[in-house]
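Just so it is clear, none of the values below were taken in a lab; they were calculated from the coordinates. Please read all numbers here as calculations on a predicted model, not as lab measurements. FYI the Cβ positions are ideal-geometry reconstructions off the backbone, even for glycines, and counts take in every protein chain you see.
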Amino acid sequence: MMFGLRLYLYRSDNVQFPFSIGTFVKHLPISKPNAFYHRRISAKRIIATSTHTSSSYETLTSRQKGQIHHYVEALLDWNQKMNLTAVTDANEVMKRHVEDSLALLRPIRDSYVSHCNSSVDNLKLVDVGTGPGLPGLVLAIACPGWKITLLESMNKRCVFLEHAVSVTGLSNVEVVRGRAESLGRNDCFREQFDVAVARAVAEMRVLSEYCLPLVRVGGLFVAAKGHDPQVEVQNAEKSIQLMGASILQLCSVESHSPNGQRTAIICVKDRPTPRKYPRDPEKEKIGLARQRKGKERRGWEGMHLSE
């Protein structure tokens with residue numbers, strides 16, 4: 001039974017296609033196997049500890065490849081009406097979006113099995129700021145046993161996501177409209193997921209506050225970042241610790257992005273996130289504005305008294 005669209009409004013607020021799957025796959029470029037390198041972070045450097053190779057797309061069944069085909073076509077079709085992706089060629093979408101998303105599978109599975117002492121067969125995963133469904137919808141196709149929640153704040157993207165879920169025939173996906181900073185304070189979502197993932201959403205320090213409140217204790221937060229995120233990760237260490245987590249490892253994954261490589265930053269949730277997080281950006285803005293007004297008032301009064 002397919003999930004429906006659920007609207008969370010907070011102040012902080014069978015389709016035929018023109019070409020066959022055989023034609024689509026035939027024109028796909030042959031890619032090198034994906035590789036990722038486990039790296040543990042220290043205060044000053046990141047050390048590579050192991051190497052693995054995989055080709056996630058080639059392991060998909062013919063039905064799953066067909067679902068990918070339908071998704072890519074729907075994405076490019078709707079992209080003519082709204083801004084979903086800057087990539088407009090089907091082969092490029094496959095390389096830069098689909099294969100990039102599938103590259104996260106091996107790090108998630110290996111890290112979850114080795115550090116969460118649980119099976120990966122029935123994960124509950126939330127994709128924060130999923131946009132057009134990347135990587136969450138692709139992961140849902142590759143892992144039909146996983147329950148995937150696609151979290152997106154923009155209504156028009158949610159409408160596309162519902163359409164994509166329909167044309168791909170997925171029954172393990174729920175589309176939720178809302179903001180992570182709001183749903184992270186909602187007990188229906190707070191610390192309810194085994195894994196939270198995010199791809200190209202925000203800077204790591206901010207992203208940790210969006211995602212980690214949604215992850216259960218003992219679960220994982222996986223952020224897909226660029227080829228050299230070491231400084232960003234070091235700057236985010238304090239924020240990650242405040243959210244009740246620690247950096248487990250960094251995994252370099254082969255990518256078809258312009259820089260040729262991405263890094264999966266993997267954090268493990270050690271303890272519950274303090275109730276004050278995630279903070280409401282709107283309230284934070286109001287608080288900062290009041291602080292500034294207070295400083296200005298005190299400064300004006302000081303000037304008046306000195307006169």
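Of the peptides 166-179, 77-90, 241-254, 137-150, the order by per-residue mean of other Cβ atoms within 10 Å, starting with the highest, comes out as 137-150, 241-254, 166-179, 77-90. With the convex hull constructed from alpha-carbon coordinates only, region 122-190 shows a mean projected area of 4.2 nm² over all directions.
Over all distinct alpha-carbon pairs, what is the Kirkwood Rh of region 49-141 in angstrom? Kirkwood hydrodynamic radius for region 49-141: 14.5 Å. Centre-to-centre separation between the Cα atoms of region 147-187 and those of region 213-279: 22 Å. With 25 Å as the limit, the listed pairs Lys65/Lys95; Lys156/Lys269; Lys147/Lys269; Lys147/Lys276; Lys81/Lys147 have Lys156/Lys269; Lys147/Lys276; Lys81/Lys147 beyond it between alpha carbons.
In order along region 109-120, the Karplus-derived 3J(HN,Hα) couplings, from 6.51 cos²θ - 1.76 cosθ + 1.60 at θ = phi - 60°, round to 4, 5, 5, 5, 5, 7, 10, 10, 6, 9, 6, 9 Hz, and Gly and Pro are given as x.
Rounded to whole Hz and in sequence order, give me ³J(HN,Hα) for region 201-211 from the Karplus expression 6.51 cos²θ - 1.76 cosθ + 1.60, θ = phi - 60°, writing x for Gly and Pro. Each residue's phi maps through the Karplus curve to give 9, 7, 5, 4, 4, 6, 4, 4, 6, 6, 8 Hz.
Between Val167 and Asn91, 0.36 nm times their residue separation minus their Cα-Cα distance comes to what?
Working: separation 76, 0.36 × 76 = 27.36 nm, distance 1.96 nm.
25.4 nm is the gain from fully extending Val167 to Asn91.
Using the Karplus relation 6.51 cos²θ - 1.76 cosθ + 1.60 with θ = phi - 60°, the per-residue 3J(HN,Hα) values for region 229-234 come to x, 4, 5, 4, 5, 4 Hz, with x marking Gly and Pro. The distance between label points at Asn186 and Leu60 comes to 3.0 nm (points 7 Å beyond Cα on the Cα→Cβ vector).
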